[in-house]
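What follows is a short report on a single structure.
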Amino acid sequence: ILEWARRQLFATAFEESRQQWNANKFDGAMTTMMGRIEEINSLELETADRGWFFEDFDKRQERRNLVAAGLDTFPTGIDGIDRCMYGGLSYGELGVAVAYSKIGKSFWLNQMGFIAARMRRKCLHWVLEGGRAKCEDRYEARFMDTVYRDVRKGDIAPKQLAIARREYSILKENLVIRGHADKDAWHITPDDLMA
C-alpha cells in the first residue's frame, strides 16, 4: 500500500514539475519536486485501532481492574455531580465547561486539575484564554488553601510555602499547564492544538 501511494505521489510530482519546467518555471519545478519528495519520504500508515484478542487478555484485565478500583475516573470533587457521572470524567473523555463570562469556569477547571493531581493522576490543563500565569496562580491558591488575591500579590506565609514545596516534590509531573503565550497573536486554531 505504501509503495503504491509513493509511486502515485511521484507520478503526480513528475507531471506537476514537467508542466512547470516546460513553462520555463525552472525554480518552481524544482520546488514542487522537492516538496513532493519530502511528502513521499514522510508517508507512513497510521496506527490502527486493533488488538489480538487472545494475546491481549491480560491488558483487558488490567483495564477492568482499574474500573473496579475506581481508578478510571477523574472526580469533580462535588459528590452529587460525581454520582451522576459515575465517579467523574472517565479516561478518554473530554470535559468542556460552558457558561456565561465571570461565572467560575476557570476556577472549576482548576478544581478538577487540583483533585486529579492530588490523586496522582496525570493531568493536562490547556489554557485557551487568560494566560498560563493566571492559571498557575489559581492552582497555587488552591494547593495552599489560601485566597487567589494573596497569591497574586505574593503574600504567602512561610509555613504555607514549606508545605507546598513538600507536596509539590511528591506530585511532580502530575500536572502540565499549557498556555499559548508563545503565539504571536491571540488566535489559537485547531492546528495549534494538534501541534
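The values are calculated or read from the model by the stated rules, or taken from the named source; none is laboratory data. Being a predicted model, the structure only gives us computed values, none of them experimental. Note that we place each Cβ from the backbone using ideal geometry, even for glycine, and neighbour counts take in every protein chain shown. The accessibility values were calculated without ligands, DNA or RNA, using every heavy atom of the protein model including side chains. Shrake-Rupley method; radii C 1.70, N 1.55, O 1.52, S 1.80 Å.
The set of residues from the stretch 82-122 being assigned to a helix (DSSP H, G or I) and within 21 Å of Leu66 (Cβ to Cβ) comprises Asp82, Arg83, Cys84, Met112, Gly113, Ile115, Ala116, Ala117, Arg118. Only a single item in (1) modelled with pLDDT of 90 or more; (2) within 25 Å of Arg120 (Cα to Cα); (3) basic (Lys, Arg) is not met by Arg178, and it is number (1). Quick one: in the stretch 15-65, of everything that is under 25 Å from the mean Cα position of the chain (by Cα) and in contact (Cβ under 8 Å) with a residue 12 or more places away in the chain, which residue is nearest to Gly88 (Cα to Cα)? The extreme case among them is Leu45. Restricting attention to the stretch 30-54 and to residues that are among the polar types (S, T, N, Q) and not in a loop (DSSP other than H, G, I, E, B), the residue that is nearest to Ser17 (Cα to Cα) turns out to be Thr32. Which ones in the stretch 169-183 are more than 19 Å from Leu109 (Cα to Cα) and either touching an Asp or Glu at 6+ places or on another chain (Cβ under 8 Å) or open to solvent by 80 Å² or more (accessible area, probe 1.4 Å) (or both)? Within the stretch 169-183, Ile170, Lys172, Ala181, Asp182, Lys183 meet the criteria. Among the residues here, His125 qualifies as part of a strand (DSSP E or B), in contact (Cβ under 8 Å) with a residue 40 or more places away in the chain, on the phi < 0 side of the Ramachandran plot and surrounded by 12 or more Cβ atoms within 10 Å (Cβ to Cβ).
Determine whether the stretch 70-93 contains at least one residue that is open to solvent by 80 Å² or more (accessible area, probe 1.4 Å), of a type in the set (S, T, N, Q) and at pLDDT below 85. No, because not a single residue in the stretch 70-93 is open to solvent by 80 Å² or more (accessible area, probe 1.4 Å), of a type in the set (S, T, N, Q) and at pLDDT below 85. Do we find that Thr76 is under 14 Å from Met112 (Cβ atoms) and not in a helix (DSSP H, G or I) in this structure? Yes; evaluated as a whole, the condition is true for this residue.
Are any residues in the stretch 130-172 in contact (Cβ under 8 Å) with a residue 40 or more places away in the chain and at positive phi, and if so, which ones? If the condition is that a residue be in contact (Cβ under 8 Å) with a residue 40 or more places away in the chain and at positive phi, then Gly131 is the only one that fits. If the condition is being open to solvent by 70 Å² or more (accessible area, probe 1.4 Å), of a type outside the set (A, V, I, L, M) and not in a loop (DSSP other than H, G, I, E, B), then the stretch 136-168 contributes Arg142, Arg149, Arg152, Lys153, Pro158, Lys159, Arg165, Arg166, Tyr168. Restricting Val98, Val67 to residues that are open to solvent by less than 100 Å² (accessible area, probe 1.4 Å) and of a type in the set (Val, Ile, Thr) narrows the list to Val67.
Restricting attention to the stretch 15-36 and to residues that are under 21 Å from Ala5 (Cα atoms) and of a type in the set (Lys, Arg), the residue that is surrounded by the most Cβ atoms within 10 Å (Cβ to Cβ) turns out to be Arg36.
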